[in-house]
1. Does residue B:254 meet the test of being hydroxyl-bearing (Ser, Thr, Tyr), surrounded by fewer than 17 Cβ atoms within 10 Å (Cβ to Cβ) and not in a helix (DSSP H, G or I)?
2. Please go through the range B:241-287 and give me each residue that is in contact with an Asp or Glu (Cβ under 9 Å, 6 or more places away or on another chain) and polar (S, T, N, Q), ordered by number.
3. Take the residues of the range B:74-103 that are touching a residue at least 40 places away in the same chain (Cβ under 8 Å) and not hydroxyl-bearing (Ser, Thr, Tyr): which is farthest from the other protein chains (Cβ to nearest Cβ)?
4. With a cut-off of at least 1 residues that are within 14 Å of chain B (Cβ to nearest Cβ) and under 27 Å from the mean Cα position of the chain (by Cα), name the helices (runs of 4 or more DSSP H) lying wholly within chain A.
5. Give the residue, chosen from B:222, B:239, that is touching a helix residue (DSSP H, G or I) at 6+ places or on another chain (Cβ under 6 Å) and more than 25 Å from residue B:65 (Cα to Cα).
6. Which one of B:350, B:338 is in contact with a Ser or Thr (Cβ under 6 Å, 6 or more places away or on another chain), part of a helix (DSSP H, G or I) and assigned by TED's automatic domain parsing to the domain that holds residue B:186?
7. Can you tell me which residues in the range B:181-198 are crowded, with 19+ Cβ neighbours inside 10 Å and of a type in the set (Gly, Ala, Ser)?
8. Quick one: which residue in B:53, B:40, B:45 is closer than 18 Å to residue B:105 by Cα and more than 14 Å from every other protein chain (Cβ to nearest Cβ)?
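The values are calculated or read from the model by the stated rules, or taken from the named source; none is laboratory data. Just so it is clear, the model here is predicted, and its values are computed rather than measured. Cβ placement follows ideal geometry from the backbone for every residue including glycine, while neighbour counts extend to all protein chains displayed.
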Amino acid sequence: MTILSVLMQVATDLAPLAKMAAAFGAGIAAIAAAFGIGNIGRAALESIARQPEASGDIRSNMIVSAALIEGVAFFAIVVCLLILFI
Amino acid sequence: MRTKLLIVTLFFGFFMTFPLMAAPASGGNETHEQEFNAGHLIIDHIVDSHEWHIATIGHTHITIPLPVILIDQGKFHVFSSSKFHHGHSSYKGFKIETERNANKGKIVKVIPGTMQTDTAAEKPIDLSITKTVAGIFVSFLVVILIFSSVARSYTRNKGHAPRGLQSVLEPLILFIRDEVAKPSIGKHYERFMPFLLTLFFFIFFTNLIGLIPLFPGGANVTGNIGVTLVLAAFTFMMTAFSGNKSYWQHIFNTPGVPWWLKFPIPLFPIIEITGVVVKPFVLMIRLFANITAGHIIVLGFVSLIFVFGKISPGLGYGVSVVSVFFAVFISVLELLVAFIQAYVFTLLSALYFGMATEEHAHAAEHH
């Protein structure tokens, strides 16, 4: 009975739940971006260790890939910001 | 030298035509806003506004009021936003919305005789010079000043090594030409060089100017999705208008894809067409989100000081050391991000131009 009344209360005002979900979403986006860019960094460092002369080329490609992946992570951040502030 | 002087004079003259406005922040509905609200502070610094807020000394706001240009039912209204008295009065039937709803900060119509928003009426078409537009003017002036000076040095120093401002910009310009344009576009890179250079330097300088907290820097220009939308639209239109036959063929009738993905339900063409639209859209979101997120983080660290200061002044001072250190660190990171975002936007635009003008590798064997 109490669970039902709590659920009824929640169902009338979902704004706090939405904010919590937005915060979770932003956290997951941060985790995913860190995971992806960490992979890029690892591969770049390993390649530089194998062939130090190519480090300039590798560095530019690493930065470009990192920016592209960050773009996707920022999509998620923008959606969470929209939930929080609009 | 004389043109430079003229441009600088015009720039400062432009801003001096808006007499500085100092207004007391007191007033019935302002006293409860003395309470510090970090979320509101951050949002108010990110969004556009009709006046350029410079400082708040004690209870007075020092702002530069910017011109308001409205089209309402076919009639032009041009006046200074100082007539709105920071949102306390209405003028000619308009007012700046102060309630925190979807229209906050924008110009709405009032019910005549009162200060209430006329919710039934449409908002007027707003062509005002807002803070973002003024920020674009500032950035545009910086770019023109720097590049006209450099261009003149090149004609004067013909045959000599570059000196001064030339030697700062030459590596960047050659970098865009040799690392971005030539590898991505190939033979016809010269056609696109003016656009790519303008794009890169405009975004780079605008990002940097947005990081300076003092006037005339500090307007959140590239963090405004309207601005990045226009930049991405330029890229989109240039790819569309310079696409050659093999480019459009790759979109509508991709060679090498089985016929049953194209014929009854054109699945592949739909995917390719969404790709054409999504790629500039992602360019827009990437630049907007990166720059806005950077500004929000710095503002968040500074607000942290005041949030802790409310609990106890000693705690506020303690946190301020850490906060200022982190804010400086993030600002340095933002310098790097400013360059990287300008570079990535330019690189991807160059890649899209390259794909649009690519001579098909095996165009000889025509089907």
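1. yes
2. Answer for the range B:241-287, where residues must be in contact with an Asp or Glu (Cβ under 9 Å, 6 or more places away or on another chain) and polar (S, T, N, Q): B:244, B:246, B:254.
3. Filtering the range B:74-103 for residues that are touching a residue at least 40 places away in the same chain (Cβ under 8 Å) and not hydroxyl-bearing (Ser, Thr, Tyr), the one farthest from the other protein chains (Cβ to nearest Cβ) comes out as B:77.
4. A:15-50, A:55-85
5. On inspection, the qualifying residue turns out to be B:239.
6. After ruling out the rest, the residue left standing is B:350.
7. B:181, B:184, listed by residue number.
8. B:53
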